[in-house]
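Here the structure comes first, spelled out in structure tokens, and everything after it is commentary.
The values are calculated or read from the model by the stated rules, or taken from the named source; none is laboratory data. Computed from a predicted structure; not experimentally measured. Cβ placement follows ideal geometry from the backbone for every residue including glycine, while neighbour counts extend to all protein chains displayed.
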Amino acid sequence: MKAMVLNSIGDLTSDEIPLNLVQKPKPVPRAGEILIRVKACGVCRTELDEIEGRAKPSFYPIILGHQVTGVVEETGPEGSRFSTGQRVGVGWFYSSCGRCRFCLSGKENLCPEFKATGRDADGGYAEYMVVPERSAHLLPETLSDIQLAPLLCAGAIGYRCLRLSGLQDGQTLGLLGFGASGHLVLQMARHLFPHSPIFVFTRSEKERQLAKELGAAWTGEITCAPPAPLEAAIDTTPVWKPVLHGLAHLERGGRLIINAISKEETDRSELVHLDYQKHLWLEKEIKSVANVTPADIAGCLSLAEKIPLRPEVQTYSLQEANLALREIKLGRIRGAKVLLIG
């Protein structure tokens, strides 16, 4: 099978090509696993963290990709959840121990043995992949493989962020950054909280225009003051500056959700400007988001079918994975990017 593999930490700002196209043997499912013939795979900012060493893969060479849609090609021994030919999707959640207090309470994302698709196991930048049955989800027939791919991570983590934000209908929501996850969160929030004004902060005029098209009540740069204080905010940027401004815009008792695996080291100097009275006092909260659970993915897919949720998508071939990743690095984003594989 064809696959794009990462052999070591790379640099997306140089002429280096971090992923290489190779031929690999088609994997064989073991007990409790399924073999998926990949149709599409979303390209995520998290893959920049993996390539550049901020979220190092567990082994090399590795196949990245954790927003995977495809068809069950084969089931392993003792398989019972799926049949060959069914459409399935796989997100960032690959496996957890299933025994610890986090797993038993529905917080598999916090399991000490949590494994991520495309980081701790080969992912979807390939023609085939193998996953545990419980990591796969049946896909709604009303959406295409291309539309569904971004929902399996960008959508699912956005769904989790909205749940953790504590937002109530009618309260103001701020979105700091407006990439693949942000444009899906806006659509979900408008459906779940129809009376909540949504304010979008992004430096890109193209992204501000997309936000307005999708129903944002106001858009502006991160330094701009919104029309009203934010009662909840979700940050999806790779830098610290939006966090400080988001806290400054936050209403007393408000909550800021940080949806990022890491923040850039070069921007850390912004933290010296953290002022307790301005940014944190009056019971403002900061909460990070780590990974997703199977329930988050299932919940997002169910909600997507009801809305219906339609991601803005740019498509690329498998061989163009490096191009898609570099465009994310350079901020050339409108919605989500998806590799067409099958």
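Structural remarks
- Unmet criterion (only one of (1) under 24 Å from LEU309 (Cα atoms); (2) basic (Lys, Arg); (3) touching a helix residue (DSSP H, G or I) at 6+ places or on another chain (Cβ under 7 Å)) for LYS241: (1)
- Any chance PHE102 is farther than 17 Å from VAL313 by Cβ, assigned by TED's automatic domain parsing to the domain that holds VAL313 and touching a Leu at 6+ places or on another chain (Cβ under 6 Å): yes
- LEU186 being within 28 Å of GLY89 (Cβ to Cβ), in the same structural domain as GLU251 (by TED's automatic domain parsing) and either out of contact with any helix residue (DSSP H, G or I) (no Cβ under 7 Å at 6 or more places or on another chain) or among the aromatic types (Phe, Trp, Tyr) (or both): no
Residue by residue, here is whether (1) surrounded by 20 or more Cβ atoms within 10 Å (Cβ to Cβ); (2) touching a strand residue (DSSP E or B) at 6+ places or on another chain (Cβ under 6 Å) holds:
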| residue | (1), (2) |
| --- | --- |
| LEU250 | yes, yes |
| GLY254 | yes, yes |
| ILE257 | yes, yes |
| HIS279 | no, no |
| ASP296 | yes, no |
| ALA304 | yes, no |
| GLU327 | no, no |
| ALA336 | yes, yes |
| LEU339 | yes, yes |
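- Hey, LYS39 farther than 24 Å from LEU12 by Cβ and surrounded by fewer than 18 Cβ atoms within 10 Å (Cβ to Cβ) or not: no
- Members of segment 194-227 found to be aliphatic (A, V, I, L, M), touching a strand residue (DSSP E or B) at 6+ places or on another chain (Cβ under 8 Å) and surrounded by fewer than 18 Cβ atoms within 10 Å (Cβ to Cβ), listed by number: ALA217
- Residue match in segment 23-42 (condition: polar (S, T, N, Q), over 24 Å from the mean Cα position of the chain (by Cα) and under 30 Å from GLU265 (Cα atoms)): no
- Inside segment 91-105, residues that are farther than 30 Å from ASN322 by Cα and not in a loop (DSSP other than H, G, I, E, B) make up a count of 4.
- Close pairs (6 angstrom Cβ cut-off, 6 or more residues apart or separate chains): at pLDDT 95 or above in segment 304-319, surrounded by 15 or more Cβ atoms within 10 Å (Cβ to Cβ) and of a type in the set (Gly, Ala, Ser) anywhere: TYR316/ALA324
- Residue check for LEU143: of a type outside the set (Asp, Glu) and surrounded by fewer than 24 Cβ atoms within 10 Å (Cβ to Cβ): yes
- A single member of PHE178, PHE114 is among the hydrophobic types (A, V, I, L, M, F, W, C) and either assigned by TED's automatic domain parsing to the domain that holds PRO226 or crowded, with 24+ Cβ neighbours inside 10 Å (or both), and it is PHE178.
- ILE34 vs. criteria among the β-branched types (Val, Ile, Thr), crowded, with 23+ Cβ neighbours inside 10 Å and farther than 26 Å from GLN314 by Cα: yes
- Qualifying residue in segment 280-294 (condition: in contact with a Leu (Cβ under 9 Å, 6 or more places away or on another chain), among the polar types (S, T, N, Q) and on the phi > 0 side of the Ramachandran plot): yes
Conditions tested, residue by residue: (1) charged (D, E, K, R); (2) closer than 19 Å to ALA298 by Cβ; (3) touching a Phe, Trp or Tyr at 6+ places or on another chain (Cβ under 9 Å).
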residue: VAL22; (1), (2), (3): no, no, no
residue: GLU52; (1), (2), (3): yes, no, no
residue: PHE59; (1), (2), (3): no, no, no
residue: ILE63; (1), (2), (3): no, no, yes
residue: SER95; (1), (2), (3): no, yes, yes
residue: PHE102; (1), (2), (3): no, yes, yes
residue: GLU127; (1), (2), (3): yes, no, no
residue: PRO132; (1), (2), (3): no, yes, yes
